[in-house]
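Presented below is the structure to which this report refers.
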Amino acid sequence: MSKEIKDLAVALIEAEKNQQPINPLTEVRPDLTLDEAYEVQLQVVQEKLSQGIKIVGKKIGLTSRDMQIMYGIDTPDCGHLFEGMSVKNNGEVSFNDVMQPKIEAEIAFVLKNDLQGPNVTVEDVLQATDYVLPSIEIIDSRIKDWKVKLQDTVADNASSGLYVLGDQSVSVDEVNLPDITMKVYQNGQLMKEGIGKNAMEHPAACVAWLANKLAEFGVTLQAGEVILSGALATTIDVVPGDEFTAVFEHLGEVKVTFTK
């Protein structure tokens with residue numbers, strides 16, 4: 001691994017520790033490739049693991065066409081979920097614990113079997129899934145003003161922050177995931193609507209993509225992991241005092257409040 005990759009990883013770790021966003025990595029290294037960005041992410045992951053912080057899951061980002069258009073890209077990305085990122089349903093998040101939060105509503109998968117790419121299919125994902133849950137992902141960025149290119153968000157652990165899971169676990173046999181509708185309310189006002197197929201036509205297709213992508217880096221999805229499968233609508237900016245509720249057909253609702 002090059003010194004440049006290590007230096008970029010250190011810069012992101014310091015930004016998170018100090019709660020001080022940094023300039024885009026693609027300004028520092030305009031020629032940063034996507035593979036190098038994943039190397040940066042994995043270097044940060046290794047640093048967290050060396051501190052005894054456990055991985056509890058993965059997340060997939062930029063799965064909806066709307067989000068891809070917003071960022072001018074045509075591929076999803078992915079990151080790691082660590083212990084300490086989970087917020088209880090109906091819980092509160094202090095603005096002291098986030099930097100530039102936005103929220104997304106998505107379907108979360110909890111695995112009962114490992115999934116190892118390449119060649120993982122939607123059917124493989126469904127067979128390996130213990131249950132699904134409604135979720136709100138609180139994305140965040142260590143990059144100033146969210147001025148991110150794909151390489152920036154990938155290096156920055158796919159702009160992950162925190163996440164909230166619903167209380168109602170549902171078997172994949174009981175629902176048709178592409179057809180599940182979702183509504184997000186901000187302070188009681190309907191802000192976004194979406195449907196399962198907004199995430200790569202099928203949320204399980206997102207998980208299959210993830211397993212196959214991570215296989216390139218020798219990473220396997222593990223039984224017991226939480227997989228956030230990707231937003232069903234575009235992001236919503238958050239300000240202190242905001243309360244968000246995401247209501248999913250058949251899956252129930254999930255709620256979080258941001259305090260000053």
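Read-outs: derived from the displayed coordinates by stated rules, not from any lab. Not measured: the values here are computed from a predicted model. Quick reminder, even Gly has a Cβ in these numbers, built from the backbone with ideal geometry, and neighbours come from all protein chains shown.
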- Item | Matching residues, segment 54-98, being touching a Ser or Thr at 6+ places or on another chain (Cβ under 7 Å), crowded, with 19+ Cβ neighbours inside 10 Å, small (G, A, S) and within 23 Å of D242 (Cβ to Cβ) | G61
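Across segment 193-212, what is the number of residues that are crowded, with 20+ Cβ neighbours inside 10 Å and on the phi < 0 side of the Ramachandran plot?
Let us first name the residues in segment 193-212 that are crowded, with 20+ Cβ neighbours inside 10 Å, namely 194, 196, 198-200, 203-211.
Next, only the ones that are on the phi < 0 side of the Ramachandran plot stay: 194, 196, 198-199, 203-211.
Of the residues in that region, 13 qualify.
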- Just checking, which of G224, G218, G161, G166 is surrounded by fewer than 17 Cβ atoms within 10 Å (Cβ to Cβ), touching a residue at least 24 places away in the same chain (Cβ under 8 Å) and farther than 17 Å from Q68 by Cα? G224
- Message: Out of everything in segment 199-223 that is out of contact with any Pro (no Cβ under 9 Å at 6 or more places or on another chain) and polar (S, T, N, Q), what residue ends up being nearest to I136 (Cα to Cα)?
- Response: Q222
- Scanning segment 33-74 residue by residue, those in contact with a Phe, Trp or Tyr (Cβ under 9 Å, 6 or more places away or on another chain) and over 24 Å from D7 (Cβ atoms) turn out to be K54, V56, G57, K59, I60, L62, T63
